[in-house]
1. Where the convex hull is taken over the Cα atoms of segment 335-417, what is its projected area averaged over directions, in nm²?
2. First compute the accessible area of the chain with a 1.4 Å probe, then give the percent of it belonging to carbon and sulfur atoms.
3. Compute from the Cα atoms of segment 527-568 the Rg and the Dmax, the latter being the longest Cα-Cα distance, and quote both in angstrom.
4. Please give the net charge around Ile534, taking every other residue with its beta carbon less than 10 angstrom from that of Ile534, where Lys and Arg add +1 and Asp and Glu add -1.
5. What is the local net charge at Arg414, summed over the other residues whose Cβ is closer than 11 Å to its Cβ (Lys, Arg +1; Asp, Glu -1)?
6. Per residue, what accessible area does the chain have, given a 1.4 Å probe and all protein chains present, in Å²?
7. About the Cα centre, and with charges only on the beta carbon of Lys, Arg (+1) and Asp, Glu (-1), how big is the dipole of segment 68-226? Nearest 20 debye, please.
8. Report the normalised scattering of segment 1-130 as log10 I(q)/I(0) at q = 0.18 Å⁻¹, calculated by the Debye formula with identical scatterers on the alpha carbons.
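The values are calculated or read from the model by the stated rules, or taken from the named source; none is laboratory data. Remember, predicted model here, so these are calculated numbers, not experimental data. All Cβ positions, glycine included, derive from the backbone under ideal geometry; neighbour counts span all protein chains shown. Areas reflect the complete protein model, heavy atoms only, side chains present, ligands, DNA and RNA absent. Shrake-Rupley method; radii C 1.70, N 1.55, O 1.52, S 1.80 Å.
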Amino acid sequence: MSYENAWLAYQKKPPTADAAYFSSLYVEGDHRVIATAREELLRAAREMFGKDMILCENREEATISFIWDRMAKTGEEGYHVREDNGKITITSEGPKGILYGCFACIRWVKMEKPFAGMDLLEKPSNPIRILNHWDNMDGSIERGYSGKSFFFRDEKVLVNERTRAYARMIASVGINASVINNVNVKGNATRLIDPVYQEELVQMAEIFADYGIRLYFSLNFAAPMELGGLSTADPQDEQVQSWWQEKMKDVFRRIPNLGGFLVKADSEGRPGPFTYGRTHADGANMLARAVEPYGGIIIWRCFVYNCQQDWRDKKTDRARSGYDNFMPLDGTFLDNVILQIKNGPMDFQVREPVSPLLGGLTKTNQMLEVQIAQEYTGQQRHVCYLIPMFREVLEHRTYCSNEQDTVADIISGRTFHQTNCGMAAVANTGDDENWTGHDLAAANLYGFGRLSFDTDLSSEAIAKEWIACTFGTDPEVMEKIEAILMMSWPAYEKYTSPLGIGWMVNPGFHYGPNVDGYEYDRWGTYHRADHLGIGVDRTSHGTGYAQQYREPLSSQYESLEKCPEELLLFFHHVSYTYRLKTGKTLIQHIYDTHFEGAEDVEKMAELWDSLEGKIPEKSFERVQNRFAHQMDHSKEWRDQINSYFYRKSFLEDEKHRTIY
Ligand code: GCU
């Protein structure tokens, strides 16, 4: 299936002063990633300026130079781009830094920033910046909203020109690792570590290596039984341990550039150490020992909870489970284990508090997991720019230390002086022509890369870059699309479930309003609405979840008055007549935000319509169609939620709008 080049599509530029820089290139340093950088620069020069850059033997003659200098003080992946006297130098301590610096220059051109006087020193905030693809071997994608997998089809591994297109796209925004298969490892996916898929996987690993991307697989904890024929997968069993050691020796020998493995264990039916009465540290450390000789990493997910809950039981709380399971193990994981923690304690809802594990753990490597696949945020049929949400998470103070205590500090390794840490995103790509289904969802893929590389970038700055690189720099286009993106997450939050309560979606596929969809189910996802009020009491009178935070957070969340209002119903059961800080009652707030949210969608759609003729036609139409759906669907949300609460509470809307 054909594909577009997203933000790397190069349009011919009118001749400008900048074109002169793209005349000749000098390359110092021999490395496959530097060779990639050279090819990328040559391609950009050809496609944007119609110029074939001359390769020079010495630096003085060249207009652009790549200098791999181990003394450059940029770190391996950082870069220093300087313009001086009509010449640009890209310097880095490592080849990847050169590649990233090269893409920074291309971005500069696309944003029409002048090169004269450019002096840009960038170092990545996070050591690991990784995508998690939930792709299955049959070609389907768990929570995929943009077509089928481009990694797998019909139980085979795919390697084709799209593999390279993918690698260059994600490398261009600084992503340096990718897990290609679903965390729920079943069937043939278990055999990715067997020789059967060797040939294709090696090819893929090589392509990734050209772009400085480490290949990772999700692992099946029960592989010793399923592949090895053992009767157990007990991490304390010697046969199991040596099975893994042999397997890892073999797989690291066969597949170059393998970074390690991601593991979902004892979660939603997946096998894990609990079966054998062992802890997650026992499980993770066993694997960590097996991969350690090859520099391998084990990324172990903390998404562990009881998914067989009884809705009648008001003490068991899914939100507590990550902390309850992993805090007692703090300090017991080996150094090549990283715990991967979802941003919130539940599951990627439009609003959740930050997981108390982030900043709870102080002696364990931590990685933040976010989801750019819009499972609960409109499934790439609604526009929902998630970077502002991720920024809030990154800026959140955990109080785990007197200074440098934000989530961004922790996962970058600054707080606890760690190097195995970073940021992961559940990917939103598929084989759709535009990669992400909704054209505007590409801003989340771009944005995740840029934000994980530089956690200080603002959401607006990232939006501007992405728009300029994708649609060009016409001020009207820039302004209107930025407005759409920045409105989109708040709008989505307004017309879906209120004030941090979450869920209220159709069970299973998680799309569309269904207030009681999960209310009497086993998944631990309840809103507890009755005729007087709504919300889950997670204070010490309720489930006690608020107590998992450090002070002053736990007192804040514990108190009805001090609790941040956007999280009110996550922490408290609140009466519909309770007055919020705005002076509105809770019920009035619910009605108002739902009307507003649906109106915001109309505004966004109007803004988009007004760009007709300024956006490539295909893209314009695709987004317009999705907006038509979003307008209808946001009204469906509005009316179902408002009617539900009106019928429960019998309280009239002060503004007497139509509620059914
Ligand atoms: C969610 C999602 C699942 C996924 C799981 C996970 O529950 O709905 O499809 O497998 O998260 O993160 O492991």
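1. Mean projected area for segment 335-417: 5.4 nm², to one decimal.
2. C and S atoms contribute 48 percent here.
3. 10.6, 34
4. +1
5. Neighbourhood net charge equals -3.
6. 37
7. Using only the charged Cβ atoms, the result is roughly 400 debye.
8. -0.97
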